[in-house]
Every structure is written in C-alpha cells, then in structure tokens.
1. About the Cα centre, and with charges only on the beta carbon of Lys, Arg (+1) and Asp, Glu (-1), how big is the dipole of the chain? Nearest 20 debye, please.
2. For helix 307-319, what angle does its Cα long axis make with the longest principal axis of the chain, in degrees from 0 to 90 and rounded to 10?
3. Pairs LYS255/LYS388; LYS170/LYS255; LYS256/LYS463; LYS184/LYS255; LYS83/LYS264: which exceed 25 Å Cα-Cα?
4. If one takes the longest principal axis of the Cα atoms in the chain, at what angle in degrees, from 0 to 90 and to the nearest 10, does the Cα axis of helix 45-61 lie?
5. Output ³J(HN,Hα) for region 136-143: one whole-Hz value per residue in order, computed from phi by the Karplus curve 6.51 cos²θ - 1.76 cosθ + 1.60 with θ = phi - 60°, and x for Gly and Pro.
6. Which whole-Hz couplings ³J(HN,Hα) result when phi for each residue of region 329-340 is put into the Karplus expression 6.51 cos²θ - 1.76 cosθ + 1.60, θ = phi - 60°, listed in order with x for Gly and Pro?
7. With everything on Cα atoms, drop me the angle between helix 68-84 and the longest principal axis of the chain, reported from 0 to 90° to the nearest 10.
8. Helix-only mean residue ellipticity at 222 nm, the chain, DSSP H runs n ≥ 4 weighted -39,500 (n - 2.57), per residue, nearest 500. What is it?
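Nothing in this text is a laboratory measurement; each read-out follows from the coordinates by a stated rule. Worth saying up front: this structure is predicted, and the values here are computed from it rather than measured. For neighbour counting, all protein chains shown are included, and Cβ atoms are generated from backbone atoms with ideal geometry for every residue, glycine included.
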Amino acid sequence: MNSLLPGDSSRLLIGGSLVAGGNGVFDNVNPATEEVIGTAADADAADMNAAIAAARTAFDETGWSRDHAFRVRCLEQLQAALKAHAEELREITIAEVGAPIMFTSGPQLEGPIEDLSFAARLAADYEWETELGVAAPMGISTHRVIRREAVGVVGAITPWNFPHQINFAKLGPALAAGNTIVLKPAPDTPWCAAALGSIITEETDIPPGVVNIVTSSDHGLGAQLSGDPRVDLISFTGSTGTGRAVMSSAASNLKKTFLELGGKSAFIVLDDADLATAVSYAGFSLCVHAGQGCALTTRLLVPRGRYDEAVEAVAATMSGIRPGDPTSPGTVCGPVISDRQRSRVLGYIDSARADGGRIVTGGGRPAEHERGFFVEPTVIADLDNSAKAAQEEIFGPVLVVLPYDGDDDAVRIANDSPYGLSGAVWGKDPERIRRITDGVRTGTLGVNGGMWYSADAPFGGYKQSGIGREMGAAGFEEYLETKLVATAQ
Ligand code: NAD
C-alpha cells in the first residue's frame, strides 16, 4: 500500500473502490502553520448518491448483516491495520487537526484504535436472540423470541475536533451491529477519514460497499445524506445548530436520528474542596486541544466568598500554558482548527467585554505566533451567566468564572443552560456531592477529577446536547433494531 500521507492522492471510498472526487480537490490546511499541506478529494452530489447506493446494495444484497463472526474478524483486522499505520496516522492527525502530539497516544489516535476492540467484543458476545418463552397473550398459545438486527444503512456525519475518535465511535459499533455506512467527515479534517478508507480497502476483508467515505468541501453533502430515504439512521456529531438541521431533514422519512451535540458544561467547586487543586485542574483541562472539546468544562462555578482567589488562581494556571507547536512533546494547547474558528472565538471574547466581563488573562492572539490559528488561554470574570459568552459554546480555550451562593444555587446556574453534556464537581462531603450529581442535568459528570470517557461507558447529552448515547453497550444498541417473532404453538 502507498504511504498514507496523501499529499495530493487522497481518494473517496465508494463501493469498494478508491476514486477521485467529482468536484476535483480542495486544499487541506495545517492550522498550526497556515500552510496548504496537500489536497483532499472533493466529492459532489453524484458521489454521495453513489456512496449511498453502494451502502444500500451491500446491506440488502449481501450476508454482511447476518455473519456476526465475519464482522468481528473484519473489525479485528481493521484495528490491527490501524495499529500498524499508527505513525503515519499520527503525522496526519498533527498536521491537519493541529492536535498536540501528546494527545495522539491517547484520545486523538491510539485510544480510539484500542477502543475498536470493545465493539468487536460486543458483537462476538452479544445476545442476538432472546427467548421470551411460551405464553398465551389474548388466549393464543405462542412462542416468542426477540431478535436484534442491524438498522440498515447508517449515515455518519462527523466534526473535526477528534476525528479518529468520533469516526471510530460510529464506524465500530455500526459495523459490529451489522450495518453498512456512509461516512462524511468534516471538510477541515479529510485525511484522517481518507486514510481510513485506504486501510479498509487495501488491508481488510470488509466487503465493497460496506464502508463508504465521502470527503467534500461542501457541507451540503451532509444535508443530502441526512435527507436521503435510502439511509435508515443518521449518526451525527457536531454543533447543536447543525444537529437541528440534520434532525429536520432526517424527518423526511422518519429515519432514526442519533445526535451528539455541543456543550457548555459547569465545573462546580464546593466550599470544602481544595480550591487551588480544583481550579488548576479546571484551567489545565480547558487548554487541552485549545478548548476544542464538546465536553470540556467551560464555566467554573466557585463559592462567592472565594471568587477573587479562584479567579486569580485559575488565571495563573491558564496564563502559564502558552499555545504552541503541536509537534512539540510539551505542547498542551495547539491551534484552533481554522481562521474562521479563531475569529469566532475572538468574537465571543469581544462579546464578553461588551457585556461587562473582565478579561483576567489572555483575550487575543498570542504575540509569539505570527502564523497559525492560535488563541491565548483566556479567563473571563464578572460576567453574568445569562451573557452570550456564558450561554453559548465557544469551542476555544476560554473559561468564564461565575460566583454562586450555596449548593442549590450552584446546581441552578449549572442547569441554566440550553446544554447538558458534561460537568465536574470537586468537594469532600459525599452527601453534598451526591445531591449535586443528582441535580445537575447532564449526560456525564466527573467527581474530583474522575474520568467518564471510556469505551465501555455511555457518552451523550441531555437537553440540546443530543439524543442517544455513543460508546458502551448503549452506543452499540443505537445501531440495532428489535424484532419480535411470535410463532403459534
Ligand atoms: P458542525 O456542526 O459545523 O459540522 C459537523 C459536521 O456536519 C461536518 O461534517 C459538516 O460538514 C456537517 N454539516 C454541516 N452542515 C450540515 C447540514 N446542514 N446537514 C448535515 N451535515 C452538515 O460542527 P463542527 O464545527 O465540525 O464541530 C464542532 C462542533 O461539534 C461543536 O459544536 C462541538 O460541541 C460538537 N461536538 C460534539 C461532540 C459530542 O459528542 N457531543 C463531540 C465533538 C464535537
């Protein structure tokens, strides 16, 4: 197989063949240097149409969905091939995502490759049929069995911030469950997906049409995929606004819709916590990958009596983390993905200023970088939770620090958000922590630094942060239908 580093050779994967895009190519830009590092195949509507047709045919006309053992073998092959190409994938991930190299041994690359075995194991051990036994509902003696079956053709639409993690978190369980798939990655990170396409075609027995990968500069292809009646399920990760559009076009044929969306999660420091440790954890974690994580805690809630102390401490942590070259082993905070994203983040900081917020540290582009889409880690104080920068997802290294009066008030502020994705609580008293974790309406919560992210743990949102769960057994079952077969005795 050729080098995975595509340069100008990235291709779409449609019906088992690696093909050029109908619209030619589009530039792939390194966010840390602003240099064009090559091009990606630019699919058009006809390519998307062909990819959906291929996935439909592979589902309807092959034994893929019924051969559980074969699928497990294919997933294991895929995992082994990805591991063998880890170094090339790492290079791609750093160059096109701007992901600091230190996170490629974890959530940006090697973690998600490792997690593929969870999907394979689930498929191997899954109870595909459950006996309900004989009963006589409505007086008719009947033997009942519940079968679990693949949903059909999955349309997977993914964002740019953790492309491997999100691509694999959809592909793994979708394939393990017996579906076929059309993956449409974000235009900002086409090579991560294109490399996956090359590996699948050239190094696995995954049959033609089972996986189709359509890179494009045109977001409209996502809309096309969501609206197409041949697609049975849309698995979408991205912003809440786009999720709303996806749900609305998926409604055209009432397809199953699974949404992982945005967040504005709260980090609550209780008054019995070690404040210095808690806030430095909060500040550090928000700088990871320049704050481009949907579940990062972007609102720090501290007791009013210790507000000034907390603001100063978290600003000290965040001002000490300088955005830098993602290829350097010590870098925690790389660039944001694009010029557009940087302008968006800086626009939120301006809105905070206009709403009376105080920029305690950061607030702009770091002087030491002439090039690259870098943003300084930024702490905003003295803002009300109703302000735009405290309500909306910024997706950059920007923290809003808010005071609260008592535990109930902390829960109230945490929940005063359209989102409900994640959160954190730091404190000592287990009963108070229990009340807080009961009260906060989010899909995941970390207590005293506990990590909720893992292949076997369901991840997803309440409220406008999403519908359904990714990963864990719940994530696998999103890709299954339930059939009850009742045979008269
Ligand atoms: P986005 O919503 O702009 O785009 C996501 C994907 O949707 C891309 O592939 C894009 O091409 C496609 N798309 C755009 N318009 C579409 C349409 N009308 N119909 C169908 N598809 C369309 O998101 P982004 O900027 O790429 O990523 C950042 C967002 O993703 C943030 O809001 C972040 O919170 C969210 N995110 C959520 C999770 C989660 O698990 N909850 C994880 C990572 C990122």
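1. For this selection, approximately 940 debye.
2. 60
3. LYS255/LYS388; LYS83/LYS264
4. Once rounded, the angle reads 50 degrees.
5. Result, rounded to whole Hz: 10, x, 6, x, 9, 5, 9, 9.
6. x, x, 6, 9, 10, x, x, 7, 5, 7, 4, 4
7. 50
8. The per-residue figure over the chain is -11000 deg cm²/dmol.
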